[in-house]
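The values are calculated or read from the model by the stated rules, or taken from the named source; none is laboratory data. Predicted, not measured: the structure shown is a model, and the values here were computed from it. Every residue, glycine among them, receives a Cβ derived from its backbone with ideal geometry; neighbour counts consider all protein chains shown.
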Amino acid sequence: MDKVHLEVENLKTYFFTRRGVVKAVDGVSFSVNQAQTFGLVGESGCGKSVSCLSILRLVPEPAGRIVGGRILLGGENLLEKTEEKMRKIRGSRISMILQDPMTSLNPVFTIGDQLFEALQLHRHLKGQSLLDRGKELLKKVGIASPEFRLRNYPHELSGGMKQRVVGAIALSCEPHLLICDEPTTSLDVTIQAQYLSLLKELQQQAGLTMIFVTHDFGIVARMCDRVGVMYAGRMVEVADCRELFNNPTHPYTKALMSSVPKLEMREERLLSIEGEPPALYNLPTGCSFAPRCTSRSTECKMEEFPPNVEVEDGHWVNCWRYG
Amino acid sequence: MMVQLKRINDTWKQFRRSLLKLQIRRWPVVPILVILTFLLMAIFANLITPHSPTEQSLPERLIPPAWQAGGSTDHLLGTDVLGRDVLSRIIFGSRVSLLVAFLSLLIGGLGGTLLGVIAGYSGGKLDAVIMRAADSTLAFPMILLALLLAVTLGPSLQNVVIAISITLWARYARAVRGEVLSVKERDFVAQAKIVGCSRFRIIVQHILPNVLNTVVVLLTLQVGWVIIVEATLSFLGAGVPPPTPTWGSMVSDGREYLVAAWWISFLPGIAIVMVVLSFNLMGDWLSEALDPKLREAAVG
């Protein structure tokens, strides 16, 4: 039951630019069990999206390149596969939902055309069976009058509906792993809640393994079984969801959680983390969070990034205070 | 259940109706009629001309158009200095203009589009090579090129088409490349990659249709330009050679008679204006009509 489905080992994805080498993902490791949801949390630019693209091997070339590590899907290393094999895997074994539904759909084709594309490519469906499967998928994601909607163009749908369609496309070939890159960020709150319920339901129905990228702890609490916190291209804390909320260990995680405003708060000023994330082409030595850390010591600016330390069962932190 | 089905049916019918209403109300009827007229003229030239366009008749030279004093219904638009019927020559001239436009846009326009897509999507060296080739082509004055071809290889329809195509392709390549660069970055292209589409499929199925709008509008707007260029070349003597009548050479021939026999230059000139204007107006309308978002706004 608790079989490891996806294992990312020491993933390194760099971008080679004129200004220098941008270490977007610099030695990230995490594993996701079957039918589990793994949350990837962090600020903008911390490397969450690039990690996901790396899993699919869709890192923008020629500047971006996966330079090291392994990505094991059901035991097979995805980084060793040929492009042709990857193309067969994309869409059928691994699928992804992007952030902005407004631009995820091709404006000059109908919803139906786009929904059918994956089905035609991977399942080779045609004619009536294709249509039926399309209607079935739209119904599954909660879209009323699917026959009518199949003939609509993207601009005729609201944001929430578009994101549901994107979900339908992602799930059309029954993938084993679904990566969601901030799928609700551009939806308004009520639609957000509906969409998350839908995702959860679909996951339970299909036993789907999910990676959920977000910067919203509320969504993490609701959706994720296990969470990884990233900062400046590295993983700084990994724990089960409940454990992370009860016992946040890394100073960054603690700072993030306390900066979320709560209803019962009496203070007039919102807490924020001082300073800015470092430029990824010019990372500081030692712990990359040290310049902004309130509990830093001289150790923290040492040569290396702090190693993985297990503070509780299954709860790992990268911090010199615990190392 | 029946109620819902009926509702769906009604909505669909209403949608179709409003789409039709939109089209008829907003189609540029006059330009399309003009273009169709000239098109039919070009195709059925043999059947509708009252006289042969090349038959000279010296006793019948310089007859004014029918509505002027001295005109006759035999030559509705008069005759030129060699007694050739102006109306027949205008009709046959439309053939040349439209044929040259069609061929040049086919070769130059579509060829340029293809190269633009390849350049935009591939990036890197291929992009650089194609763009430098385009830049050098644009730097070369087209009229000079056409004259060169005319002088070295002799004036002919092929040479005119070649000369115009060579100038055209670079404009399309650049415009299309720009579009491709921006379309490439849009999420639905990433989504297509996520679904597992091959490079070829992404270019043909996803990028090209989004670029095609620009291309079609460019094509329509450039028809006018090409016709004028062809006329200019004929005027300069580097175009399609006599005895084939072309609007440009007709304007040129009538130069010396502008005061005495204005109709020789003026009437083909009017033909040029009508066709070019109609294509431009149609191009403007097309650019609005092809944008699905604007279309929806007009309906709803």
Practice problem: Give the residues of the stretch A:272-323 that are within 21 Å of A:Gly45 (Cβ to Cβ) and hydroxyl-bearing (Ser, Thr, Tyr), sorted by residue number. | Solution: A:Ser272, A:Tyr281, A:Thr285, A:Ser288
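Hey, which of the helices (runs of 4 or more DSSP H) in the stretch B:69-153, taking only ones fully inside, have at least 1 residues that are within 14 Å of chain A (Cβ to nearest Cβ)? Don't jump to the end; show me each part of the working.
Details: elements: B:86-104, B:111-122, B:124-139, B:142-153.
Of the helices (runs of 4 or more DSSP H) lying wholly inside the stretch B:69-153, those with at least 1 residues that are within 14 Å of chain A (Cβ to nearest Cβ) span B:111-122, B:124-139.
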Quiz prompt | Within the stretch A:279-308, considering residues that are under 19 Å from A:Lys23 (Cα atoms) and acidic (Asp, Glu), the one surrounded by the fewest Cβ atoms within 10 Å (Cβ to Cβ) | solution = A:Glu303
Quiz item: Is it the case that some residue within the stretch A:288-306 is touching a helix residue (DSSP H, G or I) at 6+ places or on another chain (Cβ under 6 Å), assigned to a loop (DSSP other than H, G, I, E, B) and among the acidic types (Asp, Glu)?
Solution: no
Quiz item: Do you know which of the residues in the stretch A:180-196 that are of a type in the set (A, V, I, L, M) and not in a loop (DSSP other than H, G, I, E, B) is modelled with the lowest pLDDT?
Solution: A:Val189
Quiz item: Given the structure, is B:Phe200 hydrophobic (A, V, I, L, M, F, W, C) and within 11 Å of chain A (Cβ to nearest Cβ)?
Solution: no
Exercise. Only residues that are touching a helix residue (DSSP H, G or I) at 6+ places or on another chain (Cβ under 7 Å) and not in a strand (DSSP E or B): list them for the stretch A:1-54, please.
Key: A:Gly42
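When you check B:Leu145 against the structure, is it under 22 Å from the mean Cα position of the chain (by Cα) and within 30 Å of B:Thr37 (Cβ to Cβ), yes or no?
Working: under 22 Å from the mean Cα position of the chain (by Cα): yes; within 30 Å of B:Thr37 (Cβ to Cβ): no.
No.
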Quiz item: Within the stretch B:97-135, which residues are at pLDDT 90 or above, small (Gly, Ala, Ser) and surrounded by fewer than 15 Cβ atoms within 10 Å (Cβ to Cβ)?
Solution: B:Ala128
Quiz item: Restricting attention to the stretch B:203-226, and to residues there that are surrounded by 20 or more Cβ atoms within 10 Å (Cβ to Cβ) and touching a Leu at 6+ places or on another chain (Cβ under 6 Å), which single residue is nearest to the other protein chains (Cβ to nearest Cβ)?
Solution: B:Val217
Self-check item: Selection within the stretch B:266-286 - closer than 26 Å to B:Ala69 by Cα and buried (at least 20 other Cβ atoms within 10 Å of the Cβ)
Solution: B:Leu267, B:Pro268, B:Ala271, B:Ile272
Quiz item: Which of the residues belonging to the stretch B:180-196 are farther than 22 Å from B:Val215 by Cα and more than 7 Å from chain A (Cβ to nearest Cβ)?
Solution: B:Ala192
Quiz prompt | Wholly within the stretch B:157-246, helices (runs of 4 or more DSSP H) carrying at least 3 residues that are at pLDDT 85 or above and closer than 30 Å to A:His122 by Cβ | solution = B:157-184, B:187-195
Self-check item: Matching residues, the stretch A:239-288, being more than 24 Å from the chain's Cα centre (by Cα) and among the acidic types (Asp, Glu)
Solution: A:Glu264, A:Glu267, A:Glu268, A:Glu274
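Would you confirm whether any residue within the stretch A:178-185 is of a type in the set (Ser, Thr, Tyr), surrounded by 20 or more Cβ atoms within 10 Å (Cβ to Cβ) and over 28 Å from A:Tyr252 (Cβ atoms)?
Applying the first criterion (of a type in the set (Ser, Thr, Tyr)) to the stretch A:178-185 yields A:184-185.
Among the residues that remain, those that are also surrounded by 20 or more Cβ atoms within 10 Å (Cβ to Cβ) are: A:184.
Cutting the leftovers down to over 28 Å from A:Tyr252 (Cβ atoms) gives us none.
There is no residue in the stretch A:178-185 that is of a type in the set (Ser, Thr, Tyr), surrounded by 20 or more Cβ atoms within 10 Å (Cβ to Cβ) and over 28 Å from A:Tyr252 (Cβ atoms).
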Exercise. State all residues of the stretch B:29-53 that are at pLDDT below 85 and in contact with a Ser or Thr (Cβ under 8 Å, 6 or more places away or on another chain); if no residue qualifies, say none.
Key: B:Ala45, B:Thr49, B:Pro50, B:His51, B:Ser52, B:Pro53
Quiz prompt | Breaking point among (1) within 28 Å of A:Gln163 (Cα to Cα); (2) out of contact with any helix residue (DSSP H, G or I) (no Cβ under 6 Å at 6 or more places or on another chain); (3) touching a residue at least 12 places away in the same chain (Cβ under 8 Å), for A:Ala63 | solution = (1)
